[in-house]
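Sharing a structure, written as structure tokens. Questions coming.
Read-outs throughout are calculated quantities, based only on the coordinates presented, and are distinct from any laboratory measurement. None of the values given here were measured: they were computed from a predicted structure. Using ideal geometry, Cβ is built from the backbone for each residue, glycine included, and neighbour counts are taken over all protein chains shown.
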Amino acid sequence: MSMGKKRIGVTESLRDKHIKQFERGLITGNYVPYIRTQDFSSMGVRGRIACTKIKGRIYHCLSLNESFKLLDLLRDPDITDIKEQYAYTNLDKSKSFAKKLNIRHPKYKWSSLDAVITFDFFCTLTSGNHRVVSVKSADDLEDDRTQQKLILEKAIAESEKYEYILALDTEIKTEETRNTIRVLRGARLNEKLNAIYSQWLGFFSSQLSKYPHKPLSKLIKQAAEYLNINFRESFTLMQHGFWVKHLISDPETPLLPELTPYQLGVECYV
């Protein structure tokens, strides 16, 4: 599937081919989202985000809101797997639900052909259950057609015993989410940094207690000198500490290195 999928003037045979390709990926364990960033014209800022746990896994997000929500999902301890742009391939069932709800089933653009419904995120939980997440702008909810599609999505999800969550941009675009973006680079450590992380955290924690009014950047530098590593490596270890929540700060305050631990409300939990 190196070529982008055609989304206008889709034929029934082409749609069925896309469905088979998607289902084959599920069966083989080589997941490919039904829609990728190169396949779909989106008004939002599309993004490709590397998985923080699985090397080589790339998530395809069709809007900035989706990218922000993905970061939140990646840090959720109750979630073991995330599949983005997940196709609900039972067209007979989705059309049946649309008919019962008196909602026009989604169609391909400029076509009368029924389109496959996709969930923004399909999550597997530690319990073995599943959670579906739809991401929307609060402004989108003023559109009747959007409301209808969400009603249809929820009905389908709940019929399959999936937990259904609607995530709005007003809940996603927060300073806490921006802080998550600020520490994303430290989500995965290389072998060298992973080996010294515990030692770094122990020293950094002691410095937080001794010097709460020193800029965070100075404490990062002190930790670098103590372990004989460079500042960038020490900074990455700091980011990792916040990513795995060994370090926490005030979620409403920008996590900036020029601020002090006191200003940021930084605490260490190990």
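Please list the three semi-axes, largest first and in whole Å, of the ellipsoid equivalent to segment 43-115, using sqrt of 5 times the eigenvalues of its alpha carbon gyration tensor.
Working: eigenvalues 182, 49, 26 Å².
In descending order, the three semi-axes are 30, 16, 11 Å.
List the pairs from Lys55/Lys149; Lys53/Lys154; Lys192/Lys245 whose alpha-carbon separation is above 32 Å, in the order I gave them.
Details: Lys55/Lys149 34 Å; Lys53/Lys154 29 Å; Lys192/Lys245 20 Å.
Table pairs above 32 Å Cα-Cα are Lys55/Lys149.
Compute the length gained on full extension between Glu160 and Glu12: take 0.36 nm times their separation in residues and subtract their Cα-Cα distance, giving the result in nm to one decimal.
Details: separation 148, 0.36 × 148 = 53.28 nm, distance 2.53 nm.
Separation in residues times 0.36 nm, less the Cα-Cα distance, equals 50.7 nm.
Return the FRET efficiency for the residue pair Gln199, Arg75: r is the Cβ-Cβ distance, R0 is 22 Å, and the value is rounded to the nearest 0.05. Provide the component values of the computation, followed by the final result.
Values: r = 24 Å, r/R0 = 1.09.
FRET efficiency, Gln199 to Arg75: 0.40.
How many percent of Cα pairs in segment 12-173 exceed 19 Å? Before the final figure, lay out each step's value.
Details: 7391 of 13041 pairs.
Roughly 57 percent, once rounded to a whole number.
Cα atoms only, the chain: Rg and Dmax in Å?
According to the Cα coordinates of the chain, Rg and Dmax are 22.1, 68 Å.
Also: Nearest 20 debye, what's the magnitude of the dipole of the chain about its Cα centre given +1 on Lys and Arg Cβ and -1 on Asp and Glu Cβ? Mind showing how you got there, number by number?
On the way: 41 positive and 33 negative charges, 206 e Å.
In total the dipole reaches around 980 debye.
Here is a further query. Based solely on its DSSP helices, what 222 nm [θ] is calculated for the chain when runs of n ≥ 4 H residues each add -39,500 (n - 2.57) and the sum is averaged over all residues, nearest 500 deg cm²/dmol? If you can, show how the numbers build up before the last one.
On the way: 10 runs with 115 residues, N = 270.
After summing the helix terms and dividing by the residues of the chain, the value is -13000 deg cm²/dmol.
Moving on to the next point. Give, as a single signed number, the net charge of other residues whose beta carbon lies under 13 Å from the beta carbon of Asn190, with Lys and Arg counted +1 and Asp and Glu -1. It would help to have the intermediate numbers written out before the result.
On the way: positive: Lys55, Arg185, Arg188, Lys192, Arg232; negative: Glu191, Glu233.
Once positives and negatives cancel, what remains is +3.
Most exposed first by the Cβ proxy, i.e. fewest other Cβ within 10 Å, how do Val32, Val270 rank?
Numbers: Val32 15, Val270 10.
Fewest-to-most ranking of Val32, Val270: Val270, Val32.
Which ordering of Leu73, Leu256, Leu219, Leu201 is given by a fewest-first count of other beta-carbon atoms within 10 Å? Present the calculation step by step, with values, prior to reporting the outcome.
On the way: Leu73 17, Leu256 13, Leu219 24, Leu201 20.
Ascending number of Cβ neighbours within 10 Å: Leu256, Leu73, Leu201, Leu219.
State the percent of C-alpha pairs, over all pairs in segment 206-269, separated by a distance greater than 13 angstrom. Can you show the working numbers first?
Details: 1212 of 2016 pairs.
Here the long-distance tail beyond 13 Å is 60 percent of all Cα pairs in segment 206-269.
Most exposed first by the Cβ proxy, i.e. fewest other Cβ within 10 Å, how do Glu23, Glu153 rank?
Working: Glu23 13, Glu153 22.
So the ranking, lowest neighbour count to highest, is Glu23, Glu153.
Further question: With N residues in segment 108-204, what two-decimal value do you get for its Cα radius of gyration over 2.2 N^0.38 Å? Could the numbers behind the result be given before it?
Details: Rg = 19.7 Å, N = 97, 2.2 N^0.38 = 12.5 Å.
Expressed relative to 2.2 N^0.38 Å, the Cα Rg reads 1.58.
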